[in-house]
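Worksheet: the structure to be examined is printed underneath.
The values are calculated or read from the model by the stated rules, or taken from the named source; none is laboratory data. Here the structure is a predicted model, which is why all the values come from computation and not from measurement. Cβ placement follows ideal geometry from the backbone for every residue including glycine, while neighbour counts extend to all protein chains displayed. Heavy atoms of the whole protein, side chains included, go into the accessibility calculation; ligands, DNA and RNA do not. Shrake-Rupley method; radii C 1.70, N 1.55, O 1.52, S 1.80 Å.
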Amino acid sequence: MEKIEFKRKEKQKRNIYFSLSQTLLILFLSIQCMQLSAQTQTINLSMKNASLHEILLEIKKQSSKNIVYNNNLIDKYSHESIELKNVKIKDALKIVLDKKELQYKIVDDVIIIEPINEKQNPNKPSGLNQTLKGAVIDAETNTPLIGAIVTILGSNPVKGAITDIEGIYKIEGVPIGRQTVVVSYIGYKKKQFNNIMVLSAKENVLNVGLEESVENLDEVNIVASYSKNETINDMATVSARAFTIEETERFAGSLGDPARMATNYAGVFTAGDQRNDIVIRGNSSSGLLWQLEDIPIPSPNHFDVNGTTGGPVGMLNNNLLSRSDFFTSAFPSEYGNATSGVFDLKMRNGNYEKHEFLLQCGMNGFELGAEGPISRENKSSYIVNIRYSMLGLLQDLLWVDGMPQYQDASFKLNFPLKSGKISVFGLGGSSSYTEFDEDAVRSNESNEYSTKSTTGSKTAIVGMNYQHIINQGTSIKTAIAYSRRGPHEVVDSTLNDEPYLHLDDNKFKQTNLTFTTKLVKKFNAKNTAEFGIIIQDISFEANRMVSEYDNTYLIGKPYSFSKNNLLFSQAYFQMKHNFSDRLSLNAGVNALYFHYNNTSAIDPRIGFLWQSTEQQSFGFGYGLHSQMQPINVYFIQSKTSIDEEGRQVYSDLETNKNLGFTRSNQFVISHNYSFNTNLRLKTEVYYQYLFNVPVKSSKGYFSMINSGAAMSVPEEDSLVNEGYGKNYGIEFTLEKFLSRNYYFLITSSLFNSLYQGTEKKWRNTTYNGNYVFNVLGGYEFELKNNVLMNLNLRTVYAGGRRIIPFDYEKSKEENDTKYIYEKAYEKQVGDYFRLDIRIGVIFQNKNVTHELALDISNLTNQKNVYREKYNKTYYQQGIFPMGLYRLIF
């Protein structure tokens, strides 16, 4: 029986390969016929002061052929005039490329422009080479595309590969350095990836999702280029872009952190230099959604504070991350429970053929990483990375107090199956920091008291994904994950530098058990639909112990409680309809339900994208977005009265239990114009109207819309959903992607961010700086053979934060800051300015890559104001250097 079954399977394989060979042969013959007919086509050109890119684009339109080239080769050719009438394609190309040291080659329906001699070839071999491999899949269903062609543009001889039955390709002998990769498949839109960095010590993995063309096969005429602003998520239309992990390192001041990197984008600003909480279009930093491997996760940051989304040091290790998406408004319906933005992060798979190792050392920490095959036969792999804080290591070795300590680990296991794959991933870390508060020093006769606080957090995330491909047009992905988040703070008093009295002990723990599943159905090239469910079982514990401090200071009532099985559910549906290759509609709905207090919301979303010309596109997006409050807000106990000694008395009543979701209507109109494949100008106009925002009647100025400004969530009782807010503005992005050894990104945002408390008066939010300008760029050059150097600069200028003014005379008289709450957020601190620089060098040797880098944040040591008291001003981070050494082998 086993022999019969074996023969049957072998026969099936032969039939598949025979059918595939027949199909490819028929396609080859068809293409040859089309080529013969195309040879009789003629070109008419009448262009003045045009760039070579514009001339080639016009030839492409008239010839119905795609044209691919390395942008570095043609950018220098501009301001040309040409007149051609009824000239054959080949003759037209000869005339256009004459005296340019360029030549053309026609392969199938593609015209390839390449250098005549090796000196002009930016991909010239340096003696060192590496392997490029990956998978080519359908962008919507994730099913493999068999027979896709992957080519290294400009390679001589041409290097390329065809994907196998699993959609996998492998190209060996790729020269190190920047390479351009073209991926094509019959009936799909081609993609061109420029400036892929190939290192000598690490195999490069490039996984590509192609979008099916709506047009008939003989009508396909899609630009063979890939724009970095395109997202992985095919449902996005506006206010979204993909980012690479290389950008988190290349951009000066990013420090390898995706959140800090995102502050370079239009409409994004940091809430404070000390942490990576980000403000998007004037929204609270608490409105951000973190998502990893399609699963909502808690804040992936060290020194986490309950209810916030950032921290001083990120736990996400960019050595494990893959290309990911970032959204700033009107995002697709699969993203719920967020009103600000979304980080949709992906982890890469380990190398399934070769073991590779990483050693990294810098101010960010000491790291060890490894990846490789679990089984080469079935292409299963592992990747793991551990990190320990450098400053914490110094504390352990030198017995120096006051250093921040943190450690973290990340991993992913990938197991391909015959009809899908299983992956297991995890992320975890802990942190702590001890600080002495000089402001809290008090003297009693000959004794001197002070306070010592220890803060930190512990976070753990582990999950498993199972993707099952039902057929070529249908797939289902199911995941389950467990996360635990535990911020803590302990405050002690000291007597003459010795422990004296335990003052305050706050410990929070939130655990989430998350289940997600989504079904993707592609009916045809025009219509794709997706349905998904997200269910979270939330548990929350809070413990606080407090004591008196010199009979004058009492934080509050001690309490200890736990809440279990707080179910939070989401269901969504979204669909995409392509009217043509130039016009698409995305629409959907997201429904949320919090079982604890029976609150619900239904959020419709819709978006249009119109590619009016080869260079220009317009987009429109609308979304209603809802978000539950930070979980601890629901259980804050009410403050009832003041006792005889002036201390606050608490009741056991949870007056925030019935709070509903904060909701936001968001409208966006976008325009994108590409001057060429490397330079684009993007403009977005937006309006957001927030309602159901929690406010407090006894403090007419108070609103949760300002939460996160103090890097914590306010502990206010008796909140009601009666607040409003509005954000509106215009954003500009001028971006030149890396080509001819340099890049730049210029963004500007002009905006207004307002809110209403229970007093029904429109006020500035604390984030209403009104304007943000970013300018950054870099230059990359070869010092000598196999040694690459890069210089990067970044500067930001922005309006200062809004604060509550204080009465200086009264504060001085009472020796305590007395705020004027009726003028809340009318005062604005000074403008914010910062200059960052990054210098890096990469040394390539056979099987070994060394990288050295130096980041200096706030190079001019600018004193940017963070907040003010009557007797003290608190500043943002001063000059901060950070070194890096990385060894890959």
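Summary table below
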| item | result |
| --- | --- |
| Among (1) within 25 Å of T263 (Cβ to Cβ); (2) over 29 Å from the mean Cα position of the chain (by Cα); (3) surrounded by 15 or more Cβ atoms within 10 Å (Cβ to Cβ), the one test that Q876 misses | (2) |
| Residue check for V279: at negative phi and either modelled with pLDDT under 90 or of a type in the set (D, E) (or both) | no |
| Residue in region 268-278 that is in contact with a strand residue (DSSP E or B) (Cβ under 8 Å, 6 or more places away or on another chain) and within 24 Å of F620 (Cα to Cα) present | yes |
| Scan of region 716-735 for residues that are farther than 30 Å from N678 by Cα, at pLDDT 95 or above and charged (D, E, K, R), ordered by number | E722, K726 |
| Residues being open to solvent by 40 Å² or more (accessible area, probe 1.4 Å) and farther than 30 Å from L358 by Cα - total across region 828-867 | 10 |
| Options Y870, Y825, Y866: the member that is over 30 Å from the mean Cα position of the chain (by Cα) and at pLDDT below 90 | Y870 |
| K202 under 23 Å from E114 (Cβ atoms) and at pLDDT 85 or above | no |
| So I888, is it of a type outside the set (K, R), open to solvent by less than 30 Å² (accessible area, probe 1.4 Å), in contact (Cβ under 8 Å) with a residue 12 or more places away in the chain and under 30 Å from T131 (Cβ atoms) | yes |
| Any hit, region 654-662, residues being closer than 30 Å to A240 by Cβ, modelled with pLDDT of 95 or more, assigned to a strand (DSSP E or B) and more than 23 Å from the chain's Cα centre (by Cα) | yes |
| Residue match in region 341-353 (condition: at pLDDT 90 or above, over 18 Å from D234 (Cβ atoms), open to solvent by less than 10 Å² (accessible area, probe 1.4 Å) and in contact with an Asp or Glu (Cβ under 6 Å, 6 or more places away or on another chain)) | yes |
| Candidate set from region 122-146 (those that are of a type in the set (S, T, N, Q), closer than 19 Å to I196 by Cα and open to solvent by 20 Å² or more (accessible area, probe 1.4 Å)); member that is modelled with the lowest pLDDT | S126 |
| Residues satisfying the stated conditions in region 477-524, i.e. at pLDDT 90 or above, outside any strand (DSSP E or B) and either open to solvent by less than 20 Å² (accessible area, probe 1.4 Å) or among the polar types (S, T, N, Q) (or both) | N524 |
| Positions within region 744-765 being open to solvent by less than 30 Å² (accessible area, probe 1.4 Å) and at pLDDT below 95, in sequence order | G757 |
| Subset of region 176-206 [closer than 20 Å to L738 by Cα and assigned to a loop (DSSP other than H, G, I, E, B)] | I176, L206 |
| Single condition N142 does not satisfy, out of (1) polar (S, T, N, Q); (2) outside any loop (DSSP other than H, G, I, E, B); (3) within 19 Å of Q472 (Cα to Cα) | (2) |
| Enumeration of residues in region 462-474 that are in contact with a Lys or Arg (Cβ under 8 Å, 6 or more places away or on another chain) and open to solvent by less than 60 Å² (accessible area, probe 1.4 Å) | N465, Q467, H468, G473, T474 |
| Selection within region 719-736 - buried (at least 19 other Cβ atoms within 10 Å of the Cβ) and either touching a residue at least 40 places away in the same chain (Cβ under 8 Å) or more than 21 Å from S707 (Cα to Cα) (or both) | L719, G725, N727, G729, E731, T733, E735 |
| Odd one out for S580 among (1) exposed (fewer than 15 other Cβ atoms within 10 Å of the Cβ); (2) modelled with pLDDT of 95 or more; (3) closer than 19 Å to E230 by Cα; (4) not hydrophobic (A, V, I, L, M, F, W, C) | (2) |
| Those residues of region 665-709 which are of a type in the set (S, T, N, Q) and closer than 18 Å to S749 by Cβ, in sequence order | Q666, S670, N672, T683, Q688 |
| Yes/no for G725 being in a strand (DSSP E or B) and under 27 Å from A601 (Cα atoms) | yes |
| Selection count, region 582-633, where residues are part of a loop (DSSP other than H, G, I, E, B) and farther than 15 Å from T237 by Cα | 10 |
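Here is a yes/no grid of residues against (1) open to solvent by 30 Å² or more (accessible area, probe 1.4 Å); (2) over 22 Å from I837 (Cα atoms); (3) of a type in the set (A, V, I, L, M):
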{"residue": "G778", "(1), (2), (3)": "no, no, no"}
{"residue": "L783", "(1), (2), (3)": "yes, no, yes"}
{"residue": "N790", "(1), (2), (3)": "no, no, no"}
{"residue": "Y797", "(1), (2), (3)": "yes, no, no"}
{"residue": "I803", "(1), (2), (3)": "no, yes, yes"}
{"residue": "F806", "(1), (2), (3)": "yes, yes, no"}
{"residue": "K812", "(1), (2), (3)": "yes, yes, no"}
{"residue": "Y819", "(1), (2), (3)": "yes, yes, no"}
